[in-house]
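Worksheet: one structure, shown below.
The values are calculated or read from the model by the stated rules, or taken from the named source; none is laboratory data. Note that this is a predicted model, so its numbers are computed, not measured. Please note: Cβ atoms are built from the backbone with ideal geometry, for glycine as well, and neighbour counts cover all protein chains shown.
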Amino acid sequence: MSLLRLAWRSVLRQRRRTALLSLVVVYVTVATLFLLGFLDGYGESLVEAYAEYVEAPVAVAQEAWWADPDPEHGLKSLPTLAHPLVQAVSPRLSVYALLRSPYRLEGGLVLGVDPEGEKGLSRVPAKVAEGRWLRARGEVVLGQRLAERLDVRVGERLVVETGKAALGLEVVGLVRAGVSNVDFFGVYLHLEDAQALTGALATHLAVKVPRGREGAVAQALSRTLPPGLQAKGVWDLMGPIRADYEGSRLLYIPLLGLFMLLAAIAVVSTTYVSVRERLREFAVAESLGLTPWRLAGQVALEAALASGVGLVLGLLLGYALLWYTSTHDVFGPLMRMSVELLPESGLSEHLYTALRPAYALYAAGVVGLSALLALLFPGRLVLALEVPRYLKEG
Amino acid sequence: MRKVFPVLLILLAPVLAQTPLEKLRTALDRLRGPAHQAVYALWVERPGQSKLYRLKVYTDGERVHLRVLEPKAEAGQAYLSLGQDLYLYDPRLGRTLRLPPTGRSERFLGSDLTYQDLMGRDLEELFQVAEERGVLVLSPKPGAATPYGRVEVHLKEGLVERVLYFDQRGQAVRELRLGAYQRLDGAYLPREMELKDLLRPGYRTRLEVSEVQVGGVPERCFHPLYLERGC
């Protein structure tokens, strides 16, 4: 306890130096919290976009279909899924088709769905901004931006052509989901119409499971499914955007580590200078009975205290920032611009940062690192102290 | 007898008169022309520029084999339409590809024409036909795979003279004009064709038929193998 008091008194004695050190740690702590919250928030927004809008939490299909998503490799019959975490199941039939309006011809992926089943599985039916969701055959619901490109309106007919057949479908609704793939490319039609266009039963089963359990349920289902069928969780259903997310983590997490190391080095170098200036004081303390290891401990404690003050302030500031960005659509303009630039990415127009207590632990690493480095470098000065020399000099 | 014949004609007139659908069918049949080979000149006009294609065409009225002669960069490309099957030979790839049926509604050689315009029966298959003041008015059958809301077919002496396509908001979007019909071997062949995109000024495609040789076309011309070898 007395060691702590001694260390604390040394820290307070050099207030300007301590304040500067704390500022460095505050900066690094805020950066750590924000970056971790941003990366996790980005990941969560991708999971939400793909699980709730673009794909499904889990999808079950033939292995051949996963390798080559052609309706010919679709399901021959609908398997029964027995797993306690399965909340809803609905068949889907996806096929590439040509969409023809009087003004434009465009290719795209068309999704045949069971209108009622889809309501229990996806948020798309609830995001119809104009018109209504599918009810019967002969109808189609489009992403709003796709409808603008094709120049079709609710109540008009759109021709959907595959290599096997063509249908004239009435546009009954336009979706505005705020998820790029849905708004820019979404084409939803009745499962039976998709069957008429392809001759296939369904390409895959979309499965709803609790958030965070997608991978585990997919693995468990794959073990119990009939041979030739495979279940995939939402992370495996994402397109190239998953690589972007993982790449960001790979880039930013080592960068954060480097930030923390530099902050710890700044703390330790200042402590080193401080220790050099106070070598006589340490010699006196040692002559009064304090062991060199206790003195080295005091040096480490000083570094930890100086960075600890910064950590506490940084945590307060960082969590306040995270709270704000997790409840306010601060990144909306940036995300909307990204959606315009990368409409096929499946990005959401909104991104809220994540807020987790564990970030404080990661940020506290700078305190631990400072103390450890202080023990290694300025601490060694104290351990190698020639007490008589400094006492004589006095 | 002389008195009876006009009366009989008047009585039978409703029976003998063609329905609008029959008129359309007859006009489309005549549009196909006789079996012949010819050179088609195709001008694809865009605002401020025009591109000319010269095509050698072989047809028996149902099937069509078409080879690009000019421009040099695209010479050797060949197309074969066999009912619903459409084949393309691309000399740069050195391969013959079978195009999906959707290819029939795609634009031909970057022009405003589609294969449907050239050889399709969509007007007959997808629309209900009525007649208003001498014009055949076609409205889509329920669920028909057409993006158009209405099509007007103007006939002159039983031959298609003008086809006007309307969108579903009542606006005319495409206009196809056919003219200079030549009677050949008991059939008719339009020697001039013009297609205008009414929504985009300056977008026009013209077709002129010349060097027509009426008569049987060798059967090999309608085999995909001969797309590469030449007919």
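Things to note:
- Among the criteria (1) touching a helix residue (DSSP H, G or I) at 6+ places or on another chain (Cβ under 7 Å); (2) surrounded by fewer than 16 Cβ atoms within 10 Å (Cβ to Cβ); (3) within 18 Å of A:SER22 (Cα to Cα), the one A:LEU262 does not fulfil is (1).
- Options A:SER370, A:SER348; residue that is surrounded by 13 or more Cβ atoms within 10 Å (Cβ to Cβ) and either closer than 18 Å to A:GLU48 by Cα or over 32 Å from the mean Cα position of the chain (by Cα) (or both): A:SER348
- At least 2 residues being touching a Leu at 6+ places or on another chain (Cβ under 9 Å) and free of Cβ contacts under 8 Å to residues at least 24 places away in the same chain is the threshold, and among the strands (runs of 3 or more DSSP E) wholly inside region B:107-174 those reaching it are B:135-140, B:150-156, B:159-166.
- Contact annotation: residue pairs with Cβ atoms under 6 Å, 6 or more positions apart or on different chains, pairing a residue in region A:59-87 that is over 12 Å from A:VAL209 (Cα atoms) and in contact (Cβ under 8 Å) with a residue 24 or more places away in the chain with a partner that is assigned to a helix (DSSP H, G or I) and among the polar types (S, T, N, Q), are A:PRO71/A:THR198.
- Looking only at region A:118-148, residues that are part of a helix (DSSP H, G or I) and crowded, with 17+ Cβ neighbours inside 10 Å come to 9 in all.
- One residue from B:GLN213, B:GLN182 being touching a residue at least 12 places away in the same chain (Cβ under 8 Å) and within 28 Å of B:THR96 (Cα to Cα): B:GLN213
- B:GLU161 being at pLDDT 90 or above, out of contact with any Asp or Glu (no Cβ under 7 Å at 6 or more places or on another chain), closer than 23 Å to B:GLY33 by Cβ and away from chain A (no Cβ under 14 Å): yes
- Selection over region A:1-47 of residues that are assigned to a helix (DSSP H, G or I), of a type in the set (S, T, N, Q) and modelled with pLDDT under 85 gives a count of 3.
- Restricting attention to region A:358-394, the residues being over 14 Å from A:GLU302 (Cα atoms) and in contact with a helix residue (DSSP H, G or I) (Cβ under 9 Å, 6 or more places away or on another chain) number 20.
- For region B:60-78, the candidate set comprises residues that are part of a strand (DSSP E or B) and touching a Lys or Arg at 6+ places or on another chain (Cβ under 8 Å); within that set, the residue that is surrounded by the fewest Cβ atoms within 10 Å (Cβ to Cβ) is B:GLU70.
- Any hit, region A:48-56, residues being outside any helix (DSSP H, G or I) and touching a strand residue (DSSP E or B) at 6+ places or on another chain (Cβ under 9 Å): yes
- Region A:65-123: number of residues that are of a type outside the set (Val, Ile, Thr) and away from chain B (no Cβ under 14 Å): 37
Yes/no per residue for (1) within 12 Å of chain B (Cβ to nearest Cβ); (2) within 16 Å of B:PRO147 (Cα to Cα); (3) in contact with a His (Cβ under 7 Å, 6 or more places away or on another chain); (4) assigned to a helix (DSSP H, G or I):
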{"position": "A:GLY163", "(1), (2), (3), (4)": "yes, no, no, no"}
{"position": "A:LEU169", "(1), (2), (3), (4)": "yes, yes, no, no"}
{"position": "A:VAL172", "(1), (2), (3), (4)": "no, yes, no, no"}
{"position": "A:ASN181", "(1), (2), (3), (4)": "no, no, no, yes"}
{"position": "A:PHE184", "(1), (2), (3), (4)": "no, no, no, yes"}
{"position": "A:GLU192", "(1), (2), (3), (4)": "no, no, no, yes"}
{"position": "A:ALA196", "(1), (2), (3), (4)": "yes, no, no, yes"}
{"position": "A:LEU205", "(1), (2), (3), (4)": "no, no, no, no"}
